[in-house]
Amino acid sequence: MPDYDYDLFVIGAGSGGVRASRIAASHGARVAVAEEFRIGGTCVIRGCVPKKLLVYGSQFAHELEDAAQFGWTLGAMSFDWAKLRDFVASDVDRLEQAYTATLDNNKVEHFHERAVVTGPNGIRLASGREVSAKHILVATGAWPVMPEFPGNEHCITSNEVFHLAELPRRVVIQGAGYIAMEFAGIFNALGCQVTVVNRSDQILRGYDESLRDRLLQITMARGIDYRFNSPIERVERNADGTLAVTTKGHDPVTADTVLVATGRRPNTQGLGLESAGIALGSNGEVPVDDYNRSACSSIHAVGDVTDRVQLTPVAIREGQAFADTVFGGKPTTIDYANIPSAVFSQPPLAGVGLTEAQARGAFREIKVFTSDFRPMKNMFAERAERGLYKLVVDAVSDKVLGVHMIGPEAPEVLQAAAIAVKAGLTKADFDATVALHPSMAEELVLMR
Ligand code: NDP
């Protein structure tokens, strides 16, 4: 039996890597993890968590505006970007310490440097130290894609957006996916002039069409400009320091910041996986089987680096499943059906299961129920924005195949509805549930 330094060496201390390390250690494994940036990974350091805090911070603009209708007289108001930015950064520091403490409490050794694979059981750290492990887990996540165009060096990605020195007056955002729509909402609420430019003629590909249309309508009414079929062709720095952004078929637009959010690619460059006989996939991903095992039996991969579903809770589940399978004697696979997801745009949208278009393609006959309503709070505040909930139902079995919603707090409501979809409940089950009044969520059981 070869003698290894560790039972498990994890590369990447993000959501998937930390969960796998902790659980493997709790199963008795000797575990080490290497992280070249900060413990916590994308979600904690420069993704979900700081983004959600910026969403909260920016939403006050609408709340304060609506407050007058509820009797509040507010004095002179101002917004301090540096204050919000720095509070968010300090919360990220707190969380990084909490994640580090989790590793320490579980006796997981951590190296704060880059690690690369040198063979099926070999790892080399940036310091030059070579270590061996019976199992290696690649959990290196993904990295923003920057398309090629002249002047792209003037643009930023979601990695840099949390650290802007000043709040830009004019922002151009390239892409119309999760990150683009979330930051369009944040910057718009904070009073910036926002232009979203996309290569296609749609936003949020993959979400239900009626919700996407609703988000487009509301955000246009809130002042966001859209340029469709119009990707950036070039960005030039003007003499006054501003940026001239030329997009296909349009005159240049002036911006202070250009945020590019055109997808994220698995972080495998220079990782040495070929030394273990692993051929990367077309997007640079590590191909794995249902048990997260790569072509090399001692090397596994979880999370965004596998390019399956780029969502934190999925990476966490994959990390847990890997550790239980390899170190807990409990072979575990993930059920990827009916994963709920949300976009923290303003208003947010959320969905689980099949969209109407997907269900029409997969089922003989479906029924679609919608509730197009004006939330009570919006009515009172004289805010014209309407919510939209949709149930997609198999007409034969009456099973609810999908729930989709846009409106205030939609992600909070959707999480509970996702349990019903996952459990295979029927429309009759929804109808049999008494409404919780007055709420927006009651629309879910009142659609006839
Ligand atoms: P998305 O895949 O969501 O959207 C990418 C956007 O960029 C699309 O509008 C797409 O156009 C466009 N695009 C793609 N490639 C190019 C290109 N080469 N040139 C020009 N435009 C291009 O990516 P994001 O970067 O927004 O987010 C990455 C991932 O991170 C998401 O897929 C999601 O999994 C995760 N994420 C999840 C969040 C959440 O759960 N709330 C929040 C943020 C990120 P087209 O219209 O043609 O598709």
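None of the figures in this text is laboratory data; all of them are computed from the coordinates on show. Note that this is a predicted model, so its numbers are computed, not measured. Cβ atoms come from the backbone with ideal geometry, glycine included; neighbour counts cover every protein chain shown.
The table for this structure:
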quantity: Euclidean distance between Cα centres, segment 90-124 to segment 380-448, Å; calculated: 41
quantity: In range of the label at Asn238: residues from segment 149-171 whose backbone nitrogen is under 11 Å from the point 7 Å along Cα→Cβ; calculated: 170
quantity: Distance in nm between pseudo-label sites at Arg374 and Ala98 (7 Å out along the Cβ direction from Cα); calculated: 4.0
quantity: Protection-proxy order for peptides 89-98, 319-328, 166-175, each taking the mean of Cβ atoms within 10 Å per residue, highest first; calculated: 319-328, 166-175, 89-98
quantity: Ellipticity estimate at 222 nm from DSSP helix runs (n ≥ 4, -39,500 (n - 2.57)) divided over the chain, nearest 500; calculated: -9500 deg cm²/dmol
quantity: Extension gain from Ala357 to Ser26, taking 0.36 nm per residue of separation minus the Cα-Cα distance; calculated: 114.7 nm
quantity: Folded to 0 to 90 degrees: helix 209-221 orientation relative to the chain principal axis, Cα; calculated: 60
quantity: Separation in nanometres of the label points that stand 7 Å from Cα toward Cβ, at Ser127 and Phe87; calculated: 3.9
quantity: The chain: Cys lacking any partner C-beta under 4.7 angstrom; calculated: Cys155, Cys192, Cys296
quantity: HN-Hα J in Hz across segment 273-284 - Karplus 6.51, -1.76, 1.60, θ = phi - 60°, x for Gly and Pro; calculated: 5, 5, 5, 10, x, 9, 8, 6, x, 5, 9, x
quantity: Folded to 0 to 90 degrees: helix 48-67 orientation relative to the chain principal axis, Cα; calculated: 10
quantity: Cβ-defined net charge surrounding Val116, 14 Å radius [Lys, Arg +1; Asp, Glu -1]; calculated: -2
quantity: Neighbourhood net charge (13 Å Cβ-Cβ; Lys/Arg +1, Asp/Glu -1) for Thr262; calculated: +3
quantity: Sites Thr118 and Trp72 - FRET efficiency at Förster radius 56 Å, r taken between beta-carbons, to 0.05; calculated: 0.35
quantity: Trypsin sites (Lys or Arg not before Pro) within segment 340-403, DSSP loop, no more than 14 other Cβ atoms inside 10 Å; calculated: Arg364
quantity: Long-range tail of P(r) for segment 166-295 (Cα pairs > 18 Å, %); calculated: 61
quantity: Karplus 3J(HN,Hα) series, Hz, for segment 36-46 with 6.51 cos²θ - 1.76 cosθ + 1.60 (x for Gly, Pro); calculated: 7, 10, 10, 4, x, x, 4, 4, 7, 8, 8
quantity: Hydrodynamic radius of the chain per Kirkwood, over alpha carbon pairs, in Å; calculated: 23.8
quantity: Max mean-square fluctuation residue, GNM over the chain, Cα-Cα springs under 10 Å, options Ser294, Ser230, Ser78; calculated: Ser78
quantity: Full-stretch length increase - Tyr336, Lys248 - with 0.36 nm per residue and alpha-carbon distance subtracted; calculated: 27.9 nm
quantity: Among Ala139, Ala416, Ala13, residue whose mean-square fluctuation peaks in a GNM of the chain (springs only between Cα atoms under 10 Å); calculated: Ala416
quantity: Full-extension gain in nm, Asn106 to Met146, via 0.36 nm per residue minus C-alpha separation; calculated: 10.6 nm
quantity: For Val196, residues with placed amide H under 5 Å, excluding near neighbours; calculated: Ile173, Asp225, Tyr226, Arg227
quantity: In sequence order, calculated HN-Hα J values of segment 260-270 (Karplus, 6.51, -1.76, 1.60; Hz; x Gly/Pro); calculated: 9, 9, 10, x, 10, 10, x, 8, 10, 4, x
quantity: Among Ile203, Ile419, Ile156: highest mean-square fluctuation, GNM of the chain, C-alpha pairs under 10 Å; calculated: Ile419
quantity: For segment 181-216 and segment 131-177, distance of Cα centres in Å; calculated: 19
quantity: Over segment 203-244, volume per residue of the alpha carbon convex hull, in Å³; calculated: 93
quantity: Neighbourhood charge, 12 Å Cβ-Cβ cut-off, centred on Arg227 and excluding it, Lys, Arg +1 and Asp, Glu -1; calculated: -2
quantity: Mean Cβ neighbour count within 10 Å, used as a protection proxy, ranking 188-198, 234-244 highest first; calculated: 188-198, 234-244
